[in-house]
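Below is one structure, written out as structure tokens; the observations come after it.
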Amino acid sequence: VQLQASGGGLVQSGDSLRLSCAAFGRTSGTMGWFRQVSGKGREFVGGLRWSGSTTRYADFAKGRFTISRDSAKNAVYLQMNSLKPEDTAVYYCAAAEGNLIWSSLDSDFRYDYWGQGTLVTVSS
């Protein structure tokens, strides 16, 4: 499975941005979004199963970010609204071959494949 993230850019505080993750190859199991600031570890943003039965968000993402999928396009999206300067990071999409349970969606080591990341910069 190969993942290609796109959609990052420079926006102002309060703006919205939608990230896309195109998956090439077998798509099943679980998809996740993580982010990383230089010098810090990866931080879970949100994740969902391809089946759509389970979705989980980090606390900072609840109410502002939404993950969705398009099975026909083998793509997963991260809609980010009301962006804040602290959302500035490189955002990565990831795929796990298995159906992760809700409590494991935020564990980056459970994901098998990673995209190259897309930079989101939010100016104040």
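Ignoring any ligand, DNA or RNA, what whole percent of the accessible area of the chain comes from carbon and sulfur when the probe is 1.4 angstrom?
Whole-percent figure for carbon plus sulfur exposure: 45.
How much length, in nm to one decimal, is gained on full extension between residue 123 and residue 82, taken as 0.36 nm per residue of separation minus their Cα-Cα distance?
Gain on extension, residue 123 to residue 82, equals 13.5 nm.
Once every Cα of region 53-124 carries one equal point scatterer and solvent is ignored, give the base-10 log of I(q)/I(0) from the Debye formula at q = 0.11, 0.16, 0.18 Å⁻¹, two decimals.
-0.31, -0.67, -0.85
Gap in Å between the Cα centre of region 36-87 and the Cα centre of region 88-114?
So the two Cα centres are separated by 10 Å.
Using θ = phi - 60° and the Karplus form 6.51 cos²θ - 1.76 cosθ + 1.60, what ³J(HN,Hα) does each residue of region 22-38 get, whole Hz, x for Gly and Pro?
Whole-Hz 3J(HN,Hα) from phi for region 22-38: 8, 10, 10, x, 4, 10, 6, x, 10, 10, x, 10, 10, 9, 8, 9, 3.
Net charge near residue 28, counting Lys/Arg +1 and Asp/Glu -1 over other residues with Cβ under 12 Å of its Cβ? Please report the intermediate quantities before stating the final value.
Details: positive: 26, 49, 69; negative: 97, 112.
Neighbourhood net charge equals +1.
Could you work out how far apart the two model spin labels at residue 71 and residue 10 are, taking each label as a point 7 Å from the Cα in the direction of the beta carbon, and quote it in nm?
Here the answer is 4.1 nm between the modelled labels.
Let me check I've understood the local charge: for residue 13, count other residues with C-beta under 15 angstrom from its C-beta, Lys and Arg +1, Asp and Glu -1. What total comes out? It would help to have the intermediate numbers written out before the result.
Values: positive: 64, 84; negative: 15, 86, 87.
Net local charge, residue 13 excluded: -1.
So for the chain, Kirkwood radius off the Cα pairs, Stokes-Einstein at 4 °C and 1.567 mPa s: how many µm² s⁻¹? The partial results should precede the final answer.
Details: Rh = 14.1 Å.
The estimated diffusion coefficient comes to 92 µm²/s.
Counting Lys and Arg as +1 and Asp and Glu as -1, what is the net charge of the other residues whose Cβ lies under 12 Å from the Cβ of residue 50? List each step's numbers first, then the result.
Values: positive: 26, 49, 69; negative: 70, 97.
Residues close to residue 50 contribute a combined charge of +1.
Are there trypsin sites (Lys or Arg not before Pro) in region 34-124 that DSSP marks as loop and that have at most 15 other Cβ atoms within 10 Å, and which are they?
Details: sites: 35, 40, 42, 49, 56, 62, 64, 69, 73, 110; in loops: 40, 42, 62, 64.
Answer by residue number: 40, 62, 64.
Based on the alpha carbons, how large is the Rg to Rh ratio for region 1-65 when Rh follows Kirkwood? Please report the intermediate quantities before stating the final value.
Numbers: Rg = 13.2 Å, Rh = 13.5 Å.
We get a ratio of 0.97 for region 1-65.
The values are calculated or read from the model by the stated rules, or taken from the named source; none is laboratory data. These numbers come from a predicted model, not from an experiment. With ideal geometry, Cβ positions are generated from the backbone for all residues, glycine too; neighbour counts draw on all protein chains shown. Note: accessible area is taken over every heavy atom of the protein model, side chains too, but ligands, DNA and RNA are not part of it. Shrake-Rupley method; radii C 1.70, N 1.55, O 1.52, S 1.80 Å.
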